[in-house]
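Worksheet: one structure, shown below.
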Amino acid sequence: MTETDRAVDDAERAREQGGRGRRFALPSGRPWAGRLAPRWLPDELGVLVVLALLVAGIGIPYPDFLDSDNLLTTAHNSVYISLMACGMVFALAMREVDLSVGGSYAMCLVVGALLVREGVAPWSAVPLVLLTGIALGVFNALVTTLLALPSFIVTLGTLMLFRGVGLALADGKQITDLPLDDSFFTLAGGDAGGVPFALWVLLAVVAVLTVVLARTRFGARVRAIGSNPDAAEFSGIPVFRTRVQALALSGLTTACAATLALAYYGAGDPTLGQGYELQAIAACIIGGTPLAGGRGSAVGAVAGAMILSVVASGLVFFEVPINWTSFATGGVILVAVAADSALRRGGRRGR
């Protein structure tokens, strides 16, 4: 067992069981019962239940909501927030936060559109956009570390910085006149097998990042740092390098969202992405990733983003005035978080 694995095990035992002595003091008297019980229920159960109840609650009075085309459209509308949230999970799991994703999204979108308009083949522009997102994430990490500032403050500043750069590059206007007949726009911006291409990309990203967080050394380091930063550093975990990698990953998933948005919209709009950073954080928290760090779930983050999208779509069916949209969305967020928290407390009492 490596130092990282030991740090993760110690930190998670301390957080979830409150000390070594409680591990074996189980009501059933069986030392293995407490360790097996949590495996029967996934951590994302609460948010998935809320999502299912929301879909049913809207679909019963309005059957058209359950139409496959509408459900696919609703899911597709959540893709961009979902991708940002997947990367945000790693930052939050190690007690960092990336508020710059909305600005990074707009800047990467503009960079991609400019490259294509200037003659770069759309598919060739994709890796350049992704590298731009990674560079923005690394910049956030370097400023955070070298200046010893909270990532909250740094990324709040770079949110406006990146968005300003995007507006300047686009001269405050949409970037159009792109070759929309290119396969990049017809394929990546269209459907594959009757499902939006962006949803297939999201599924692949979620699968990869779930494995990375749960099964790789990098994921173990992220969880160890989030559980106890001092203990992680004392045990030899490279905190600086892990922070850079986590924020770079957040930038990468944001650039991936921008790439798919460019293919779908067929233009580079520097005003897109406003408020996306708060929605991404909300999706993570709804999905069970706490601000206190130590754990996270890409699946839960996507489910949280889906909840936000379902709420927005449901409000249209219920003909709720637009002035009440934010109120209703905020209320659903609180209910979702409360339900997830109640299920977690119930699971801990049952151990």
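The values are calculated or read from the model by the stated rules, or taken from the named source; none is laboratory data. What you see is a predicted model, and the numbers here were worked out from it, not measured in a lab. Don't worry about glycine lacking a Cβ; one is built from the backbone with ideal geometry, like all the others, and counts go over all protein chains shown. Accessible surface areas use protein heavy atoms only, side chains included; no ligands, DNA or RNA. Shrake-Rupley method; radii C 1.70, N 1.55, O 1.52, S 1.80 Å.
Structural remarks
- Enumeration of residues in the range 309-336 that are touching a residue at least 24 places away in the same chain (Cβ under 8 Å) and either in contact with a helix residue (DSSP H, G or I) (Cβ under 6 Å, 6 or more places away or on another chain) or under 17 Å from Tyr62 (Cβ atoms) (or both): Ser309, Val310, Val311, Ala312, Ser313, Gly314, Phe317, Phe318, Val332, Ile333, Ala336
- Output for the range 136-155, where each listed residue is exposed (fewer than 15 other Cβ atoms within 10 Å of the Cβ) and in a helix (DSSP H, G or I): Leu146, Phe152, Ile153
- The C-beta contact set for the range 47-76 (first residue open to solvent by less than 60 Å² (accessible area, probe 1.4 Å), second residue assigned to a loop (DSSP other than H, G, I, E, B), distance under 8 angstrom, 6+ apart or interchain) comprises Val47/Gly287; Val47/Gly288; Ile58/Phe318.
- When the range 298-312 is limited to residues that are among the small types (Gly, Ala, Ser) and open to solvent by 10 Å² or more (accessible area, probe 1.4 Å), the one that is modelled with the lowest pLDDT turns out to be Ala312.
- For Leu272, the test of being modelled with pLDDT of 95 or more and either farther than 30 Å from Ala125 by Cβ or not aromatic (Phe, Trp, Tyr) (or both) is failed.
- Any hit, the range 89-97, residues being touching an Asp or Glu at 6+ places or on another chain (Cβ under 8 Å), among the charged types (D, E, K, R) and crowded, with 21+ Cβ neighbours inside 10 Å: no
- Residues in the range 294-331 that are part of a helix (DSSP H, G or I) and of a type in the set (S, T, N, Q) were compared, and the one that is nearest to the chain's Cα centre (by Cα) is Ser309.
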